[in-house]
Amino acid sequence: MRRAEKASKISAILDELYPTVPIPLDHADPFTLLVAVVLSAQTTDKKVNEVTPALFRAGGDPARMAALGADRIHPYIRELGLAPQKAKALAGLSALLIERHGGEVPQSFEALEALPGVGHKTASVVMAQAFGVPAFPVDTHIHRLAARWGLSDGKSVEKTERDLKKLFPEARWNDLHLQIIYFGREHCPARGHDLTACPICGWAASKKRIAEETKRR
């Protein structure tokens, strides 16, 4: 099956499984979404959602977050991975939002990626989920599933993003990003997965890939 046909079939299956795709990180506006996405690096969304209510009560906008500073942000997020670095990033990006953008989250990939702690994936999530700009943020779930399904060669996250953007219509990128994440969490784990019984892997994965992953189970 050609990649384009495979992508179309995968898209149809994901639409059936996830006709609506809620954003998994709790937030109230672009700033709190940006903060939550920065915090989600190497941490589960569930854990981020547990710590952000108290953090947002204390620093729910750039001015208040910057006023807290890294030392006072850290206790709110100490349970998360990389907490010291994330506390510094939140204090720094909040100060820059005030200094450069009038306290507003910029609607630009370039401006977002210039903020501390904000890489391309984080900027893509904010642009897609806060502002509705077509983007295809590639996290670990999407990267491994694209390779497992033969939609990309898995050589790099950047390559996976480029391949997926070519295969799927731009209007579908924002939903598909979330649909694939949900599918990876609920149906397609990284380890101990029976590819032959999976509603997508069972036909999308190559025989070689199935054989390789069966050996590792």
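The values are calculated or read from the model by the stated rules, or taken from the named source; none is laboratory data. The shown structure was predicted, so the numbers you read here are calculated from the model rather than taken from an experiment. Don't worry about glycine lacking a Cβ; one is built from the backbone with ideal geometry, like all the others, and counts go over all protein chains shown.
For every residue, the table says whether it meets (1) assigned by TED's automatic domain parsing to the domain that holds G184; (2) within 21 Å of the chain's Cα centre (by Cα).
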{"position": "S8", "(1), (2)": "yes, no"}
{"position": "V37", "(1), (2)": "no, yes"}
{"position": "T43", "(1), (2)": "no, yes"}
{"position": "V48", "(1), (2)": "no, yes"}
{"position": "V51", "(1), (2)": "no, yes"}
{"position": "L68", "(1), (2)": "no, no"}
{"position": "A89", "(1), (2)": "no, yes"}
{"position": "E99", "(1), (2)": "no, no"}
{"position": "E110", "(1), (2)": "no, yes"}
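Of the helices (runs of 4 or more DSSP H) contained entirely in the range 8-110, those carrying at least 3 residues that are in contact with a His (Cβ under 7 Å, 6 or more places away or on another chain) fall at 83-101. It is to be established whether one or more residues within the range 96-110 are closer than 15 Å to V48 by Cβ and surrounded by 15 or more Cβ atoms within 10 Å (Cβ to Cβ). No: zero hits. Mind listing just one residue for me: the one in the range 128-143 that is surrounded by fewer than 17 Cβ atoms within 10 Å (Cβ to Cβ) and part of a helix (DSSP H, G or I) and, of those, modelled with the highest pLDDT? Here the answer is F131.
The set of residues in the range 159-208 that are touching a residue at least 12 places away in the same chain (Cβ under 8 Å), among the acidic types (D, E) and not in a loop (DSSP other than H, G, I, E, B) comprises E161, D163, E170, D175.
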